[in-house]
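Enquirer: Let me give you the structure first, and then I'll get to my questions.
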Amino acid sequence: MAERPKLSIKTVMPERDPYRRPVRALTAPRPSPGPGPGPGPGPGPAPGPARDARPAAAPPRTSPNAPPNASPKPAPKPAPTTAPRPAAPRADKSAAEGVRVSKLVTERGLASRREADEWIEAGYVRVGGRTVVLGQRVAPDALIDIDTRARATQARLVTVLVHKPVGYVSGQPEDGHEPAVALVKPAHRWAGDSSRIDYHPSHLRHLAPAGRLDIDSTGLLVFTQDGRIAKLLVGDQTRAEKEYLVRVRHTRPGPLPEEGMARLRHGLELDGVALRPARVSWQNEEQLRIVLREGRKRQIRRMCELVGLEVLGLKRVRIGSVSLGALPAGQWRYLRDDERF
């Protein structure tokens, strides 16, 4: 029986797909071969998917020292890109530490504090060409411009002179006594008023006393809407003279010694505070003429008590350059344009 011929089988490696991306293992990466089939020995690349299949995404890299079962760390999220914020305007340090505009207006004698606030709220005050707001601070030497409308409003403010009788209080009603401002009515206006100002009910708005007289004193009392006049006549810094006629009686035997008269002029203290110099002289045996440049509470009565005198009557006849004149008790008149305190 004849022998069958031996068949030899030769293994043929499939051709490498040039479009297939190399796959990296999770372990240490191997150097990837070139794009074409390598001539070197060893098995060729494993057959890959069809050409039209999408290549798989490469897995994230891990550290060579990480354990095999460790899950890869997620990639950090990129920081959101936002447009840079515009730099906030820096406040002027000198303005932030400056003086309130309303206070400057008052200190420069342009208006009262209340008037200054009203002007600022109305938009009548400018600094450096810009309208200021209530509470704004500026440099102490800032140039302040006041609108003419504010000046016109100020020009319409009135000041009233009242001859206060005994029994009326200067300010708010107290103990059943009426305030002297209640006398400011057309029925009580002095017939000799030469101011040529027509009475209007708005003249009573913000009409405040600029100074005071005790309930048992009489004489000139000023009411005003103008804060400049109030500041001139009221407060520790006032220099306006106030003249009084004071009827007294002696509480010690004999006449008032010259030493007592000298103390009345200068040298007395009230509540531990020295009084300013005063001008004191006798009008007659029972009446003193006293001129003060300050207005402490019940000042003249307390001064007289310290030197042995009791005040029986007190009448204020002048404030600054404005005199009571012939104004009858219980009546009033307007301050004229040619009068100044």
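The values are calculated or read from the model by the stated rules, or taken from the named source; none is laboratory data. None of these values were measured; they are calculated from a predicted model. Don't worry about glycine lacking a Cβ; one is built from the backbone with ideal geometry, like all the others, and counts go over all protein chains shown.
Enquirer: Considering each residue of segment 217-263, count those that are among the hydrophobic types (A, V, I, L, M, F, W, C) and either in contact with an Asp or Glu (Cβ under 8 Å, 6 or more places away or on another chain) or assigned to a helix (DSSP H, G or I) (or both), and give that number.
Expert: 7
Enquirer: Please work out which residue is nearest to T218 (Cα to Cα), limiting yourself to segment 308-341 and to residues that are acidic (D, E) and without any contact (Cβ under 8 Å) to a residue 40 or more places away in the chain.
Expert: Looking at residues that are acidic (D, E) and without any contact (Cβ under 8 Å) to a residue 40 or more places away in the chain, I get E339.
Enquirer: Could you check, for segment 282-297, whether at least one of its residues is modelled with pLDDT of 95 or more and assigned to a loop (DSSP other than H, G, I, E, B)?
Expert: No, segment 282-297 contains no residue that is modelled with pLDDT of 95 or more and assigned to a loop (DSSP other than H, G, I, E, B).
Conditions tested, residue by residue: (1) in the same structural domain as E115 (by TED's automatic domain parsing); (2) surrounded by 12 or more Cβ atoms within 10 Å (Cβ to Cβ); (3) under 27 Å from R113 (Cα atoms).
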| residue | (1), (2), (3) |
| --- | --- |
| R137 | yes, yes, yes |
| T148 | yes, no, yes |
| V169 | no, yes, yes |
| V184 | no, yes, yes |
| P201 | no, no, yes |
| H206 | no, yes, yes |
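Enquirer: Would you check if G313 is closer than 30 Å to A191 by Cα, at pLDDT 95 or above and either polar (S, T, N, Q) or within 44 Å of the chain's Cα centre (by Cα) (or both)?
Expert: The answer is no for G313.
Enquirer: If you go through segment 82-99 one residue at a time, do you hit one that is surrounded by 10 or more Cβ atoms within 10 Å (Cβ to Cβ) and modelled with pLDDT of 90 or more?
Expert: Yes: one or more hits.
Enquirer: How many residues does segment 186-199 hold that are exposed (fewer than 12 other Cβ atoms within 10 Å of the Cβ) and among the charged types (D, E, K, R)?
Expert: 2
Enquirer: Between R247, R301, R239, R276, which is of a type in the set (K, R), more than 19 Å from K164 (Cβ to Cβ) and touching a residue at least 40 places away in the same chain (Cβ under 8 Å)?
Expert: Of the residues listed, the single one that is of a type in the set (K, R), more than 19 Å from K164 (Cβ to Cβ) and touching a residue at least 40 places away in the same chain (Cβ under 8 Å) is R239.
Enquirer: May I pose another question? In segment 147-162, what residues are touching a residue at least 60 places away in the same chain (Cβ under 8 Å) and either out of contact with any helix residue (DSSP H, G or I) (no Cβ under 9 Å at 6 or more places or on another chain) or more than 20 Å from P209 (Cα to Cα) (or both)?
Expert: L161
Enquirer: Can you find, within segment 239-278, the residue that is nearest to the chain's Cα centre (by Cα) among those that are exposed (fewer than 14 other Cβ atoms within 10 Å of the Cβ) and among the basic types (K, R)?
Expert: R239
Enquirer: Do you know which residues across segment 103-123 are closer than 16 Å to R228 by Cβ and not in a helix (DSSP H, G or I)?
Expert: The answer is R108, G109, L110, A111, S112.
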